[in-house]
Amino acid sequence: MPALEDGSDRADASKPAPGLYLVATPIGNARDITLRALDILRAADIIACEDTRVTRTLLTLYGISTTVIACHDHNEATAADRILAEVAAGKVVALVSDAGMPLVSDPGHRVVRAAIDAGRPVTVVPGPSAPLAALALAGLPNERFLFAGFLPAKPSARREAIASLASVPATLMFFEAPHRLVETLADLADLLGARPAAVARELTKRFEEVRRAPLDALAGHYAEAGPPKGEIVLVIAPPGPQAGPAAGDIEAALRTALAQTGVREAAAEVAARFGLPRREVYAQALALKRSAP
């Protein structure tokens with residue numbers, strides 16, 4: 001068991017050293033925030049956050065009145081300059097996202113990279129994380145996993161992205177928007193087969209739900225029931241042992257892909273799906289396209 005520290009050896013635990021602190025916030029249940037996170041948020045000179053309204057709601061709940069500034073996708077470069085200036089002046093700056101760990105499919109990378117490049121101290125205050133919560137609940141292999149954020153919204157790009165991950169020997173995790181869930185599950189079932197999977201939504205909230213089933217069954221369920229509400233994490237088991245693809249399987253996959261996209265994109269998708277050289281699959285796709293009536 002790893003040794004634990006409670007911070008009691010510090011001269012004054014209420015006054016953290018100057019620097020940038022990456023602070024995890026609750027993903028749904030406000031009581032999931034850590035005691036250390038509250039200490040840092042109270043002691044910080046400035047809190048940089050995605051949406052000041054969301055963060056102020058959390059801070060008000062715990063009686064914290066620290067100044068907040070916006071740091072989101074549209075102003076991160078400018079915000080980074082201010083944050084580094086504050087740290088350089090000996091201030092404590094906490095960086096939070098609206099929910100969960102900063103930088104995990106959220107803004108903050110530019111700020112952290114700039115702080116590291118400038119030689120400024122960067123500290124993490126870990127806590128809730130939706131991907132890890134979903135992985136724990138899914139009941140799928142967890143020795144090796146890959147979190148791939150959001151899949152592309154456009155169908156052709158999404159299918160190519162899924163195909164590129166088909167042979168990864170790890171449990172896959174994605175965020176997905178409710179209105180795209182039905183289409184995404186259909187593509188996952190088509191390209192990955194009937195792998196065991198889980199749809200986890202509204203984690204730690206009142207209506208938390210984890211639906212576990214093979215991908216094709218999940219796709220069928222949501223196609224009939226319609227998109228659910230709330231924030232969603234998809235967890236998909238790694239591929240099982242497979243024999244090499246038959247020529248007929250490759251041709252069938254190419255014909256299906258060619259019906260939806262161009263030769264280059266279809267070849268890339270099928271090559272990634274079966275782990276084949278792209279040049280060879282492209283030649284086969286081109287031949288099929290030319291021979292089509």
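Quickly run through segment 177-203 and pick out the residues that are within 20 Å of Asn142 (Cα to Cα), within 17 Å of the chain's Cα centre (by Cα) and not hydrophobic (A, V, I, L, M, F, W, C). Arg201 - this is the single residue of segment 177-203 that is within 20 Å of Asn142 (Cα to Cα), within 17 Å of the chain's Cα centre (by Cα) and not hydrophobic (A, V, I, L, M, F, W, C).
Return a yes/no flag: does segment 167-174 have any residue that is among the polar types (S, T, N, Q), out of contact with any Ser or Thr (no Cβ under 9 Å at 6 or more places or on another chain), open to solvent by 20 Å² or more (accessible area, probe 1.4 Å) and over 26 Å from Cys71 (Cβ atoms).
So far as segment 167-174 goes, yes, one or more of its residues are among the polar types (S, T, N, Q), out of contact with any Ser or Thr (no Cβ under 9 Å at 6 or more places or on another chain), open to solvent by 20 Å² or more (accessible area, probe 1.4 Å) and over 26 Å from Cys71 (Cβ atoms).
Condition test on Ala133, is it in contact (Cβ under 8 Å) with a residue 40 or more places away in the chain and assigned to a helix (DSSP H, G or I)? So Ala133 passes the test.
Could you tell me whether Thr204 is open to solvent by less than 50 Å² (accessible area, probe 1.4 Å), assigned to a helix (DSSP H, G or I) and polar (S, T, N, Q)? Considered against the rule, which asks whether it is open to solvent by less than 50 Å² (accessible area, probe 1.4 Å), assigned to a helix (DSSP H, G or I) and polar (S, T, N, Q), Thr204 comes out as no.
Is it fair to say Glu224 is part of a helix (DSSP H, G or I), at pLDDT 90 or above and either more than 28 Å from the chain's Cα centre (by Cα) or loosely packed, with under 15 Cβ neighbours inside 10 Å (or both)?
Yes.
A count restricted to segment 138-164 and to residues that are within 20 Å of Ser105 (Cα to Cα), touching a residue at least 40 places away in the same chain (Cβ under 8 Å) and surrounded by fewer than 17 Cβ atoms within 10 Å (Cβ to Cβ) stands at 4.
Pairing residues of segment 216-241 that are of a type outside the set (Gly, Ala, Ser) with residues that are crowded, with 19+ Cβ neighbours inside 10 Å and assigned to a loop (DSSP other than H, G, I, E, B), at Cβ distances under 6 Å and at least 6 apart in sequence or on separate chains, gives Val235/Leu140; Ile236/Arg195.
Listed residues Ala189, Ala198, Ala217; which is surrounded by fewer than 19 Cβ atoms within 10 Å (Cβ to Cβ) and either at pLDDT 95 or above or hydroxyl-bearing (Ser, Thr, Tyr) (or both)?
Working: Ala189 fails: surrounded by fewer than 19 Cβ atoms within 10 Å (Cβ to Cβ); Ala198 fails: surrounded by fewer than 19 Cβ atoms within 10 Å (Cβ to Cβ).
That would be Ala217, the only listed residue that is surrounded by fewer than 19 Cβ atoms within 10 Å (Cβ to Cβ) and either at pLDDT 95 or above or hydroxyl-bearing (Ser, Thr, Tyr) (or both).
Among the residues that make up segment 240-249, is at least one of them among the hydrophobic types (A, V, I, L, M, F, W, C), open to solvent by 70 Å² or more (accessible area, probe 1.4 Å) and either more than 21 Å from Phe147 (Cβ to Cβ) or at pLDDT 90 or above (or both)? Yes, some residue in segment 240-249 is among the hydrophobic types (A, V, I, L, M, F, W, C), open to solvent by 70 Å² or more (accessible area, probe 1.4 Å) and either more than 21 Å from Phe147 (Cβ to Cβ) or at pLDDT 90 or above (or both).
Taking the listed residues Ala253, Ala267, Ala272, Ala292, the one that is modelled with pLDDT under 85 and open to solvent by less than 30 Å² (accessible area, probe 1.4 Å) is Ala272, with no other qualifying.
The values are calculated or read from the model by the stated rules, or taken from the named source; none is laboratory data. As the structure is a computational prediction, the values presented were derived from the model and not from experiment. Methodologically, a virtual Cβ is constructed for each residue, glycine included, from the backbone with ideal geometry; neighbour enumeration extends over all protein chains shown. Accessible surface is based on the protein model in full, side chains and every heavy atom, while ligands, DNA and RNA are left aside. Shrake-Rupley method; radii C 1.70, N 1.55, O 1.52, S 1.80 Å.
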